[in-house]
1. Can you give me the distance in nm between label points at residue 16 and residue 83, each placed 7 Å from the Cα along the Cα-to-Cβ direction?
2. Please give the length that would be gained between residue 98 and residue 42 if that part of the chain were fully extended, namely 0.36 nm times their separation in residues minus their C-alpha to C-alpha distance (nm, one decimal).
3. Which of the peptides 31-40, 51-60, 92-101 is most tightly packed, and how do the rest follow, judged by the mean count of other Cβ atoms within 10 Å per residue?
4. For residue 72 and residue 23 in one chain, what is 0.36 nm times their gap in residues minus the Cα-Cα distance, to one decimal in nm?
5. Per the Cauchy relation, a quarter of the hull surface: what is the mean projected area of the convex hull of the alpha carbons in region 44-108, in nm²?
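What follows draws every value from the coordinates through simple rules; no lab data is involved. These numbers were taken from a predicted model, which means no experiment stands behind them. Cβ: placed from backbone, ideal geometry, glycine included. Neighbour counts: every protein chain shown.
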Amino acid sequence: YIPCRPPPGGSSSWSCQLVWAADDRLLVGWGSMVKVAVVLRHQGPAQGRYVEVQHAFDCPEAVCGLAPAGPCHVALLAADKGRAAVSLCSLSGEIFHKAEVGDIRGAF
């Protein structure tokens, strides 16, 4: 379950970001939240697959884009009030590199 929460700054118009990081891993960004979901197979008599959220973290800004950055990292584009930054972080949200992006007013 991913609740609908407005991003910081009060804007109510933003889109959900979905990207496959691997055949069995989906990155989800919505508002200021990022979740990493893994597709698993049922064990036992039940057949089929299900999704389990294994990592989740909040961002201080609105999530505008996501991309896998290797098997254990996420590239994240986040923006707030005309400013944006690209961050590389772990699946649990620990940022280990961040770079500011130029003026983006009106881009989103």
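1. Result for the modelled spin labels: 3.1 nm.
2. Length difference between fully extended and current span is 16.3 nm.
3. 31-40, 51-60, 92-101
4. Values: separation 49, 0.36 × 49 = 17.64 nm, distance 1.42 nm.
That pair, residue 72 and residue 23, stretches by 16.2 nm at full extension.
5. Details: hull surface 24.2 nm².
Mean shadow area of the hull around the Cα atoms is 6.0 nm².
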